[in-house]
1. Taking amide H atoms as placed 1.01 Å from N in the peptide plane, list the residues 5 or more away in sequence, or in a different chain, whose amide H sits under 5 Å from that of Phe191.
2. May I ask for the longest run of the chain untouched by trypsin sites (Lys or Arg not before Pro) that are loop-located per DSSP and have at most 16 neighbouring C-beta atoms (other than their own) within 10 Å?
3. Treat the count of other C-beta atoms within 10 Å as a stand-in for reagent exposure and order Met276, Met190 from fewest to most.
4. If R0 is 35 Å, what FRET efficiency do you get for Glu248 and Glu27 from their C-beta distance, rounded to 0.05?
5. Of the residues Ser224, Ser29, Ser196, which exhibits the maximal mean-square fluctuation in a Gaussian network model of the chain defined by a 10 Å Cα contact cut-off?
6. Using θ = phi - 60° and the Karplus relation 6.51 cos²θ - 1.76 cosθ + 1.60, list the HN-Hα couplings for the stretch 221-234 in order, rounded to whole Hz, with x at every Gly or Pro.
7. At a Cα cut-off below 19 Å, give the aspartates and glutamates reachable from Lys106, other chains included and same-chain residues fewer than 8 away excluded.
8. For the pair Ile275 and Lys214, what calculated FRET efficiency results from E = 1/(1 + (r/R0)^6), where r is the Cβ-Cβ distance and R0 = 30 Å, to the nearest 0.05?
Amino acid sequence: MSKGYAVFPCNGLDKCAGCITHEMAVELSREPENEVVCPVVYRIAKARYQKVLEEKKLLVLDGCATRCASKLATEKSLRIDEKLNISEEAKKRGYSLDTSLEIGEKERRLISELLGQLKEGKEKTGTAGTLMDFPEDLEYETYKKDKFVFRVPIAPEFYFNENDVWAYVSGNHARIGVADFVQKSLSDIMFFTPPSLGIEIEQFDEAGTVESGKAVFEVICPVSGVVTSVNEKLVNEPELINQDPYGEGWIAELELTNFEEDRSLLYEFEEYFPIMKRKVEEFHV
């Protein structure tokens, strides 16, 4: 991608993960199209980076679960195009980060893998909008508990997993999102991290995250496939997930790779609705 990245790294240099974000930022800055935005300087002199942030894609590099870089970007109303959390990526790849601040062989392998992932993502195709035909009007079954009303669509194209993530399947494609139960459990959603365009996801892999003041929710993908589009609007308007979880709050779309096997581990409406009711009764929402 010719316009490159504005790289926004964590500055937590007292932890190994923070040192890795620093090293990744340095490596990315070796490419002439990329430029590093220092969060400390940006907080006090944001005009210095205004042109860079307008012209380039914002890549946020968080070190740990604190997500200080992401939170600063959101606080300053910056549009996050891509995001990596070093601790989460290390865990997914089976790396145990040291307490030492030295960048050793293991850390360099992780950095190399993550840089390769970013490069591969740039080269793959996809879109930040919908590619699917999706019904404008849906019919729902509802369940009420106290002041809360929980909705579940009854259309046969909808499938659900045990993690309360839905997939609307049409031909060889699917749109995914979180169930109404999830958004009500989380309350006000403040952050959304989409999956990367073009990556292949296996059933039950993570397909992005949504975060509220209560918790970070991993979107566990109901189906296997290649991500063909993401709902970019959610990066700046994550509240759409609260407002319309089955409509404007959709997460991503995939080209399916193994749906005949995947569907055996999914629920249709008749199976999922009583599961959702049980969860509502068992958990405080």
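Bear in mind that the values in this text are calculations on the coordinates, not laboratory data. Since this is a predicted model, take the numbers as computed values, not measurements. Cβ atoms come from the backbone with ideal geometry, glycine included; neighbour counts cover every protein chain shown.
1. Under 5 Å from the amide H of Phe191 lie the amide H atoms of Glu211, each far enough along the sequence or on another chain.
2. Values: sites that count: Lys3, Arg30, Lys76, Arg79, Arg93, Lys124, Lys147, Lys214.
Free of exposed loop sites, the longest segment is 215-285.
3. Working: Met276 21, Met190 14.
Taking fewest neighbouring Cβ atoms as first place, the list is Met190, Met276.
4. Working: r = 37 Å, r/R0 = 1.07.
Plugging the Cβ-Cβ distance into 1/(1 + (r/R0)^6) gives 0.40.
5. Result: Ser29 has the largest fluctuation of those listed.
6. Karplus values, whole Hz, x for Gly and Pro: 5, x, 9, 8, x, 9, 5, 9, 7, 10, 8, 4, 4, 5.
7. Asp14, Glu23, Glu27, Asp62, Glu88, Glu89, Asp98
8. Values: r = 21 Å, r/R0 = 0.71.
The computed FRET efficiency comes out at 0.90.
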